[in-house]
Amino acid sequence: MKAAGTLLTFGILFGGTLGGPWSAWMPQTIVAFEGTCVAIPCRFDYPDELRPSAVHGIWYFNSPYPRNYPPVVYKSRTSIVHESFQGRTRLLGDLQARNCTLQLGRLSPELAGKYFFRGDLGGYNQYTYSEHSNLEIINKPTIVPPAAVVVGTEAELRCVVPDNCPTMKPVVSWLHHEVLEEQAVFGQLEEESGTWSQVSLLKFRPSRENDGHELGCQVTYPNTTFLFEAFATLDVKYVPRILQVNSSLEITEGSHAVLACVVDSNPLALLAWFKEEAVLREEPSTNLTLELENVTHTHDGIYTCVAENVYGRVNRSLALTIMYAPRKPSVNSSVVAVEGEPVTILCTTESNPEPIITIFKEKQIVATVVYESELLLEIPAVTHEDDGEYWCVAENQYGQRGSAFNLTVEFAPIILVESKCTAARDTVQCVCAVLANPEPVISFELPTRNVTVNETDQEFVYSQKTGYTVTSILTLRGEPDSQLFIVCSARNLYGTKNQQLQFHHSNNLMWAKVGPVGAVVAFAILIAAVCYVSQTRKKKNVNENSSFVQLEHPPVAYSGEYRPPGALDKSEYERRLASDKHLLNKPEGSLDLNVDYANIDFTKLATKDSYTLTEELAEYAEIRVK
């Protein structure tokens, strides 16, 4: 029944007559499994004017020319054929109906080749048709994959099995397809150019895991031992997948960093490392490494590995954190302020992690902030005590840096407590210590004498400066009276300060040290000395002229013509004159207060290398009155 069905199929295919010159038709190529059979469909024609009583045919192997003595595959006039085809061939077609279909059985590899048909109509009416069929003998089916197997998109594999043997029908099945998702198998019969194939369709939805999976197509024939198999490896295309990339890193400045990105993709992906929008490195690969040598804080940021192929693009980012010591703090320059004004000082730095910032003044903490990049120091009303050098120090676990700055406060003079006068036996020395900025002008006033002196009067006043402290020393010769008092006056741009200097008598201290007995002895000596001086002076002419040269412009003059302000009675006037005489060592009995001015010899003044004031370094002027 199978043979009859096949012959019926061939009869439909070749029904009718060609009705033309010498010509033939057969498939150019026909395929069959080794050991099975194959029927080569064939149709031939000859001129209509030839009316042969009988039609015969011959099939040749690999050559159409009889003179070349090609192997005879089949001959209708006789059963004599080439030994290779003994018992393997038979004619399925009816030559009288111009059907030359040939069946070959027990196919072996040596039977693969070209088959030619020669028509024999008797006498000289013999013709070998140039048309021929090429027989291919195979031992496995053909698996036809789709153009691309893409993840998530339905794929279809075809297993093509030749079905050109009328007596043997193949059975097709798939191997190792159980792991596929949404799989289904369909079968269909296809004809192409006169040859037939059994086609098995395997449909499924591929996944990334199916890439590289092997599928098999198996062909068997019932009641035989024939088994033919073919295998195909799935080439599943998919979007890149990043398998490995560094987690976020924290490294210290100066270290070596390696960023690695490992990707799975099909086809091969283009890998690239980005920092923000900048491409640092890229190349087609399955892994890409980025090496950073001697990193600095500029390498800090977000790094991204990007993988891309024709099916998609993926990326993964990481944070690279560079830990470093604080940079040198920046301060909004040194500040100059007037006492009482508000002052704001901003100290900023950069570090990772954020530092502890502290502002010091003379090793004392003024302000501090923890884990911030800036510190704002606000002084609502600055005082002179705020003046000085400050340090802004930033510190974290990786190091410490500091910057110095100055806060300069300008303020009115302040007369310090150490300002005073000390009276010795024949000397009065007054010290006026003033704190001020800018430097003050210091003067000494003797209100009862209507006299003012300052450091320009170098015979009497000596000054030295240490920081903002200016110390002026006034030295007078002669024993003061009880009415004498001295005022220190200091002034600068911001104000004036006056203060009466308190007297301290050093002779009182001397008596305390000598003791009662010593005091009696000293007092006796003093009485004797006074008597001697008095007798000597009586012998002198009290009216002799002064032995001192008068200066043209003396810095200080004590005048006998001095009149205190206001009306004074005679007793008060005489009392004050006596006080003046006592201060300037005027001998008693002389009421003539003509004053000889001081004779100052500047050549005796030595150059001072420092501001240290001692008795030996000071050159004082002596004022005498006769």
Find all pairs meeting these conditions: Cβ atoms under 6 angstrom apart; at least six residues apart or on different chains; first residue within segment 243-268 and without any contact (Cβ under 8 Å) to a residue 60 or more places away in the chain and more than 30 Å from S351 (Cβ to Cβ); second residue assigned to a loop (DSSP other than H, G, I, E, B) and of a type outside the set (D, E). V263/A269; V263/T286
Test result for G93, open to solvent by less than 60 Å² (accessible area, probe 1.4 Å), assigned to a strand (DSSP E or B) and in contact with a helix residue (DSSP H, G or I) (Cβ under 8 Å, 6 or more places away or on another chain): no
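From the list L280, L290, L259, L268, which one is open to solvent by 20 Å² or more (accessible area, probe 1.4 Å), more than 30 Å from S108 (Cα to Cα) and part of a strand (DSSP E or B)? Reasoning before the result, please.
Working: L290 fails: open to solvent by 20 Å² or more (accessible area, probe 1.4 Å); L259 fails: open to solvent by 20 Å² or more (accessible area, probe 1.4 Å); L268 fails: part of a strand (DSSP E or B).
Within the list L280, L290, L259, L268, the selection yields L280.
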Residue that is most open to solvent (accessible area, probe 1.4 Å), among those in segment 96-117 that are in contact with a Phe, Trp or Tyr (Cβ under 9 Å, 6 or more places away or on another chain) and closer than 11 Å to F61 by Cα: K114
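On the given criteria, is I242 part of a strand (DSSP E or B) and closer than 28 Å to S373 by Cα?
For I242, the condition - part of a strand (DSSP E or B) and closer than 28 Å to S373 by Cα - is not met.
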Which numbered condition trips up I58, out of (1) crowded, with 19+ Cβ neighbours inside 10 Å; (2) among the β-branched types (V, I, T); (3) under 30 Å from T233 (Cβ atoms)? (3)
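If I filter segment 412-427 down to residues being in contact (Cβ under 8 Å) with a residue 60 or more places away in the chain and over 19 Å from G495 (Cα atoms), which single residue comes out as surrounded by the most Cβ atoms within 10 Å (Cβ to Cβ)? Explain how you work it out, then say what you get.
So the first thing to find is which residues in segment 412-427 are in contact (Cβ under 8 Å) with a residue 60 or more places away in the chain, and the list is 412-415, 419-426.
Subset that is over 19 Å from G495 (Cα atoms): 420-426.
Numbers: K420: 16, C421: 23, T422: 15, A423: 19, A424: 13, R425: 10, D426: 11.
Looking at residues that are in contact (Cβ under 8 Å) with a residue 60 or more places away in the chain and over 19 Å from G495 (Cα atoms), I get C421.
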Looking only at segment 195-203, decide whether some residue is touching a residue at least 12 places away in the same chain (Cβ under 8 Å), more than 15 Å from N139 (Cα to Cα) and loosely packed, with under 12 Cβ neighbours inside 10 Å. no
Does any residue of segment 393-405 turn out to be at pLDDT 95 or above and in contact with a Leu (Cβ under 9 Å, 6 or more places away or on another chain)? yes
Could you list all residues from segment 205-238 that are of a type in the set (V, I, T), assigned to a strand (DSSP E or B) and open to solvent by 50 Å² or more (accessible area, probe 1.4 Å)? T233
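Examine segment 478-492 for a residue that is among the charged types (D, E, K, R) and either surrounded by 19 or more Cβ atoms within 10 Å (Cβ to Cβ) or at pLDDT below 90 (or both), and state whether such a residue exists.
Filtering segment 478-492 down to residues among the charged types (D, E, K, R) leaves 479, 481, 491.
Okay, now just the ones that are also either surrounded by 19 or more Cβ atoms within 10 Å (Cβ to Cβ) or at pLDDT below 90 (or both), so 479, 481.
Scanning segment 478-492, I find at least one residue that is among the charged types (D, E, K, R) and either surrounded by 19 or more Cβ atoms within 10 Å (Cβ to Cβ) or at pLDDT below 90 (or both), so the answer is yes.
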For strands (runs of 3 or more DSSP E) lying entirely in segment 438-502, having 2 or more residues that are within 30 Å of E385 (Cα to Cα) and touching a residue at least 24 places away in the same chain (Cβ under 8 Å) picks out 441-446, 461-466, 469-477, 487-492, 495-500
How many residues does segment 26-52 contain that are over 27 Å from G123 (Cα atoms) and part of a loop (DSSP other than H, G, I, E, B)? 6
Heads up, the strands (runs of 3 or more DSSP E) in segment 293-408 (entirely inside) with at least 1 residues that are basic (K, R) and open to solvent by 80 Å² or more (accessible area, probe 1.4 Å) are 312-323
For the list (1) small (G, A, S); (2) over 30 Å from T344 (Cβ atoms); (3) without any contact (Cβ under 8 Å) to a residue 40 or more places away in the chain; (4) open to solvent by 30 Å² or more (accessible area, probe 1.4 Å), I need the number of the one condition that A433 fails. (4)
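The values are calculated or read from the model by the stated rules, or taken from the named source; none is laboratory data. Treat the numbers as computed from the prediction; the structure is a model and nothing was measured. Reconstructed Cβ throughout: ideal geometry from the backbone, glycine too, with neighbour counts over all protein chains shown. Heads up: the accessible areas ignore ligands, DNA and RNA and are worked out on the full protein's heavy atoms, side chains in. Shrake-Rupley method; radii C 1.70, N 1.55, O 1.52, S 1.80 Å.
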